[in-house]
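The values are calculated or read from the model by the stated rules, or taken from the named source; none is laboratory data. None of these values were measured; they are calculated from a predicted model. In this analysis, Cβ positions are derived from the backbone assuming ideal geometry, glycine residues included, and neighbour counts consider all displayed protein chains. Surface areas here come from the heavy atoms of the whole protein model, side chains and all, with no ligands, DNA or RNA. Shrake-Rupley method; radii C 1.70, N 1.55, O 1.52, S 1.80 Å.
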Amino acid sequence: MYTSVIAENTKRIISEKGMKHKAIAAKIGMSEKQFSDLLNSRKIIRDTDIEALSVALNVTPNELFHRSGA
């Protein structure tokens, strides 16, 4: 199954910062289920999701797009 670079980076950043999925979901205005679907490629990531994620995670949108090893 394909997992987006944005979803992978979001998971990594959350882990590195010791954040909780529930807290991030609330900050971006999603239910925990919707956020889980986004992280597991069951929801299409929209431009507004990227903007909200970058604010909630305190990173730039570019950091969400960066492919490791590239």
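Applying the selection to region 1-21, what residues are in contact with a Phe, Trp or Tyr (Cβ under 9 Å, 6 or more places away or on another chain) and over 14 Å from Leu57 (Cβ atoms)?
Correct list: Val5 only.
Among the residues of region 22-31 satisfying the criterion of being hydrophobic (A, V, I, L, M, F, W, C) and touching a residue at least 24 places away in the same chain (Cβ under 8 Å), which is surrounded by the fewest Cβ atoms within 10 Å (Cβ to Cβ)?
Selected residue: Ile28.
Here's the yes/no breakdown for (1) hydroxyl-bearing (Ser, Thr, Tyr); (2) surrounded by 14 or more Cβ atoms within 10 Å (Cβ to Cβ):
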position	(1), (2)
Thr3	yes, no
Lys20	no, no
Lys33	no, no
Leu38	no, yes
Ser41	yes, yes
Asn58	no, no
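Of the conditions (1) touching a residue at least 24 places away in the same chain (Cβ under 8 Å); (2) of a type in the set (A, V, I, L, M); (3) in a helix (DSSP H, G or I), Ile45 fails just one. Which one is it?
Unmet condition: (3).
Just to be sure, is Ser54 touching a Pro at 6+ places or on another chain (Cβ under 8 Å) and either assigned to a loop (DSSP other than H, G, I, E, B) or without any contact (Cβ under 8 Å) to a residue 40 or more places away in the chain (or both)?
Yes; evaluated as a whole, the condition is true for this residue.
Can you tell me which of (1) in contact (Cβ under 8 Å) with a residue 12 or more places away in the chain; (2) open to solvent by 20 Å² or more (accessible area, probe 1.4 Å) is the one Ser15 doesn't meet?
Unmet for Ser15, out of (1) in contact (Cβ under 8 Å) with a residue 12 or more places away in the chain; (2) open to solvent by 20 Å² or more (accessible area, probe 1.4 Å): (1).
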